[in-house]
Amino acid sequence: MSIDDRLGVLLEMELDVERTLKNNKDMLDEVTKELESLQKLFKEPGPTRILLDDVLKNIGCDSRVWFQQLTGNQARTLLRPDNIRKVLAVFPSDSSDNITFMEEVMMDLSALMSSANNQEKTDEEIDEIESLLWRIERNLRVAQPTSSVTPKLHMLTAHLIPYLRLHRSWGHLTEQGIEHLHAVVNALHLRFASVPDPVLNATLVLKHLSNFNFLFDVGQSWFQSD
């Protein structure tokens, strides 16, 4: 297969993905409208909730986009300092004693997120990250005293600093690759949903993944003439 042929395959795959995304978006918009109609039948949201939804929608973190939880991209968007201020500005300053603590937690998470890159950290930078984690832990204890500790929060507060001091970086330790593979497999399940035979369905998925591997895991052969 020549480079032009491979490029043609990639362009065709790109068009398929774009069409799938558009169809999924149209379907999501329809479902969202139906959900809003049902929610209005059962309970009208209060003014603060309406304002919060408007702010989240404005910054691209509308909860209707992902019904269970925020996606990674949405979390990254939400944890930008300007967006943190926009979200917290929805709540009156006297609505809770924990608003200030949660703002500090979110700001520190924003700084922590920015440090999660492939750069090798110096001792001073690791010490700064350690201080961030101490503040996050302290403020969360005050703001959310009854909340449980999630596994990821435990990994951050208990194991990140020893890992950094040993490996000097934590940008290599990421879930992005496997999350992307999950998205690919989910898309393939939708593509082959019309195949009732589970064995054939799984075979088609594996063949498609093998084609991906052939296209993208070929080393320097892309740059060699046929």
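Please work out which one of (1) among the polar types (S, T, N, Q); (2) at pLDDT 80 or above; (3) in a helix (DSSP H, G or I) is the condition SER37 fails and give its number.
Only one criterion is unmet by SER37, namely (2).
Failed condition for PHE42, given (1) modelled with pLDDT under 85; (2) surrounded by 13 or more Cβ atoms within 10 Å (Cβ to Cβ); (3) farther than 22 Å from MET113 by Cα, with all others met?
Just one mismatch for PHE42, condition (2).
Considering every residue within region 112-130, establish whether at least one is touching a residue at least 24 places away in the same chain (Cβ under 8 Å) and under 30 Å from GLU34 (Cα atoms).
no
Could you go through region 168-183 and let me know if any residue there is small (Gly, Ala, Ser) and within 30 Å of ASP16 (Cβ to Cβ).
yes
Could you list all residues from region 146-155 that are in a helix (DSSP H, G or I) and exposed (fewer than 14 other Cβ atoms within 10 Å of the Cβ)?
Residues satisfying the conditions are PRO151, LYS152, HIS154, MET155.
Which of the helices (runs of 4 or more DSSP H) found entirely inside region 48-145 contain at least 2 residues meeting this: more than 20 Å from the chain's Cα centre (by Cα) and under 23 Å from HIS180 (Cβ atoms)?
Here the list is empty.
The values are calculated or read from the model by the stated rules, or taken from the named source; none is laboratory data. Quick caveat, the model's predicted, so the values are computed rather than measured. Every residue, glycine among them, receives a Cβ derived from its backbone with ideal geometry; neighbour counts consider all protein chains shown.
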